[in-house]
Amino acid sequence: MDAVSARTPRPLRIDDAGVDFLPAEAPRDMVPSPLSRAAAERTPMRDGAGIALRRGLVLAGTAALTLAGCIKMYEVVEVGGVTVLEGMVLVLFGILVAWISFAFVTALAGFVVMLLRPRETIAIPTDGPLPALSTRTAMLLPTYNEDPDAVMVRLRAMIDSIAATGEAAHFDWFLLSDTTDPDIWIGEEAAYLALRQACGTARIYYRHRADNVARKSGNIAEWVRRFGAAYDQMIILDADSLMSGETIVRLAHAMEETPQAALIQTLPVIVNGSSLFARLQQFAGRLYGPVIASGNAWWYGAESNYWGHNAIIRVEAFARDAALPELRGRKPFGGHILSHDFIEAALMRRAGWGIYMTVDLGGSYEEVPPSLIDYAARDRRWCQGNLQHLAVLPARGLHWVSRLHLLIGIGAYVTAPLWLAFLVLGILISLQANFVRPEYFPKGFALFPSWPAQDPILAAQVFAATLGLLFVPKLLACLATLLTAQRRRGFGGGLRLCVAVLAETVLAALIAPSMMIFQSVAVIEILLGRDAGWQVQRRSDGGVSRQEIVRKFALPTVCGLAMAASATAVSLPLLAWMSPVIAGLVLAIPIGLLTARRGLGRRLFTTPEEIAPPPVLVRARALADLPQPVHTSALAELRQDHELRRRHIATLSARRPRAPGDIDVDLATARARIADADTFTQALGFLSRRETLAVLNDSTTLQELVALPD
């Protein structure tokens with residue numbers, strides 16, 4: 001018997017249901033890691049001289065550009081002395097130019113890397129025969145109120161892709177549900193049973209968690225504590241994730257060959273964009289993403305980052321060192337950590353494990369929200385999670401690069417209100433110069449008058465240089481693609497690529513001001529103590545209504561009109577100067593309507609995955625085109641489908657019993673309502689969503705309900 005077979009847990013039968021919903025438990029301890037005490041390194045690692053030099057070049061380049069920008073900006077405002085408002089502008093400019101300089105230097109490094117093709121920090125062969133595996137990997141797909149049929153389509157495509165590699169025996173699949181919608185929960189169970197039957201394998205498991213403690217991170221941690229000892233690695237997926245079997249096998253083999261590695265993060269490529277907004281994100285991510293990622297991976301070394309999905313993790317390292325503590329204080333800063341991925345990577349690196357990124361491997365895909373409204377809603381949740389990292393920054397023993405990752409995540413949102421403040425201060429300075437009588441002779445003796453003025457030529461130069469730092473990375477990505485025939489063909493040829501880059505740049509510039517307002521509002525709300533909660537993400541086209549778009553984009557529009565009026569009151573040149581920002585805000589509603597439409601940009605914003613779709617994507621699309629089952633309400637479906645009800649009740653019997661004295665108020669209310677009902681239909685009308693969930697979690701009450709007459 002080989003090592004894998006010896007460690008394979010014997011499936012646990014659930015009553016007479018005939019389906020192995022879960023394997024036998026293989027518990028593994030997972031104790032939260034305190035932030036105030038550094039863990040002892042188990043596998044000490046030191047940065048090589050080459051990585052240290054790369055980091056030095058990136059930081060030195062960023063510092064040089066920031067210093068040059070600050071000097072030039074000081075020369076712009078110092079004519080006649082620096083006022084208080086001008087001093088604030090200078091400070092804000094220094095922070096913002098450092099931010100965009102860092103991104104510029106990283107993109108420049110990525111451009112050079114893509115041209116020279118040096119070996120990645122963790123070498124994973126991308127061609128040649130697939131390696132044979134000797135370890136076991138769990139494929140974990142946490143889900144929360146997602147479309148169950150769409151989730152199963154992606155899951156089946158990946159299962160089929162793994163089967164084609166001949167290594168399926170080394171992988172078990174877990175659908176980890178935190179779903180709170182009763183109809184979706186029962187839909188998941190029905191879709192899961194259909195998936196098991198279609199795939200003809202017992203290596204697919206389903207677990208529904210009755211409570212959602214710590215959300216996604218708690219969902220995964222609960223799996224580790226129950227089943228983690230049976231597996232060497234786990235690959236974390238999102239509900240919209242898709243990975244090829246070849247990529248999965250090569251990742252698992254890389255973990256076998258690199259014992260110091262705790263995590264390898266792939267570069268997910270956006271696919272299946274249907275709306276104009278989704279296609280913009282898909283095109284931009286596919287074209288610019290590899291340049292930025294190559295630059296990051298070049299200087300990250302073994303101190304890379306984790307994005308929460310499409311990554312492989314060593315279970316031992318995760319269980320020992322990545323258990324998350326609960327932050328002190330009230331929400332939104334306190335409580336369970338929302339953006340758990342950055343912290344988990346930092347904690348594992350703190351313990352001496354290596355965190356790596358692979359850019360060249362490919363075969364890793366995801367989807368994107370279909371509209372700017374949906375993107376902003378997801379961004380609001382991420383913003384709260386990233387701002388929580390302020391409490392983690394002082395943690396003992398973190399590697400300085402891990403702290404830098406946390407700062408970058410925080411800066412991704414804090415820079416939005418800083419840009420807004422920078423623009424507002426610029427307008428205030430112009431209004432002050434135009435309408436406030438200047439003090440040419442301040443109090444005290446002055447031989448010469450003090451003339452309030454700025455140097456317009458230097459201001460234009462600083463403005464042009466700032467735009468260069470923002471847009472040159474896009475040009476570098478375009479150039480890197482044009483210089484490689486295969487990449488160029490993947491985007492439909494050089495001419496189409498150049499036109500698409502120009503169109504994307506214009507549309508992105510119009511969208512950016514609205515995102516600045518949305519992110520600024522999010523930061524302010526979080527600072528005021530407003531919790532974002534756990535919202536369901538809309539993944540399909542979603543049918544965004546005109547009324548919703550008008551309501552959401554009303555604030556950016558009002559801000560744009562106010563800026564336009566203020567700039568016009570000063571001068572037409574100032575209005576022209578600020579026109580890119582003002583246009584994006586004033587046109588926010590039309591832009592929101594336009595980008596939410598389906599079908600636009602399909603021919604222009606072409607990506608390689610559309611011209612030559614990978615097999616796993618072709619398979620997923622073919623499965624999605626098949627007729628999907630029609631689901632009714634949860635209780636009605638269980639009443640009609642006796643086999644589904646029997647298996648659902650079997651899963652409830654396998655749960656841990658409720659603690660003595662723990663009274664379920666919703667269940668007690670539901671039982672009283674059911675007792676008052678004369679028919680099944682009447683009882684359904686009596687039950688709220690929470691009460692329906694309580695009934696679904698109690699087999700006795702469920703049986704009593706379905707026994708009622710029609």
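The values are calculated or read from the model by the stated rules, or taken from the named source; none is laboratory data. Keep in mind the model is a prediction, meaning the values are calculated, not measured. Note: ideal-geometry Cβ built from the backbone for every residue, glycine included; neighbour counts use all protein chains shown.
Quick notes on this structure:
- Qualifying residue in segment 611-625 (condition: modelled with pLDDT of 95 or more, farther than 30 Å from G493 by Cβ and surrounded by 14 or more Cβ atoms within 10 Å (Cβ to Cβ)): yes
Residue by residue, here is whether (1) closer than 16 Å to D374 by Cα; (2) in contact with a helix residue (DSSP H, G or I) (Cβ under 9 Å, 6 or more places away or on another chain) holds:
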| site | (1), (2) |
| --- | --- |
| L527 | no, yes |
| V558 | no, yes |
| A567 | no, yes |
| L572 | no, no |
| I589 | yes, yes |
| A596 | yes, yes |
| T606 | no, yes |
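- Qualifying residue in segment 528-538 (condition: within 25 Å of D240 (Cα to Cα) and of a type in the set (F, W, Y)): yes
- Pick from segment 569-610, criterion touching a residue at least 24 places away in the same chain (Cβ under 8 Å), of a type in the set (G, A, S) and farther than 26 Å from Y288 by Cβ, ranking: surrounded by the most Cβ atoms within 10 Å (Cβ to Cβ): A569
- Within this structure, Q519 fails the test of being more than 18 Å from the chain's Cα centre (by Cα) and either at pLDDT 95 or above or assigned to a helix (DSSP H, G or I) (or both).
- Exactly one residue among E222, E167 is among the charged types (D, E, K, R), modelled with pLDDT of 95 or more, surrounded by fewer than 22 Cβ atoms within 10 Å (Cβ to Cβ) and within 23 Å of the chain's Cα centre (by Cα), and that residue is E222.
- M114 being closer than 12 Å to G295 by Cβ, at pLDDT below 95, among the aliphatic types (A, V, I, L, M) and part of a helix (DSSP H, G or I): yes
- Count of residues meeting criterion [under 12 Å from W298 (Cβ atoms) and surrounded by 12 or more Cβ atoms within 10 Å (Cβ to Cβ)] in segment 119-136: 2
- Residue in segment 190-216 that is surrounded by the most Cβ atoms within 10 Å (Cβ to Cβ), counting only those that are β-branched (V, I, T) and part of a loop (DSSP other than H, G, I, E, B): T201
- Residue in segment 55-73 that is crowded, with 18+ Cβ neighbours inside 10 Å, of a type outside the set (G, A, S), within 28 Å of T258 (Cβ to Cβ) and touching a residue at least 40 places away in the same chain (Cβ under 8 Å) present: yes
- Qualifying residue in segment 227-234 (condition: at pLDDT 95 or above, at negative phi, in a strand (DSSP E or B) and crowded, with 23+ Cβ neighbours inside 10 Å): yes
- Restricting attention to segment 666-697, the residues that are in contact with a Pro (Cβ under 6 Å, 6 or more places away or on another chain) and not in a loop (DSSP other than H, G, I, E, B) add up to 3.
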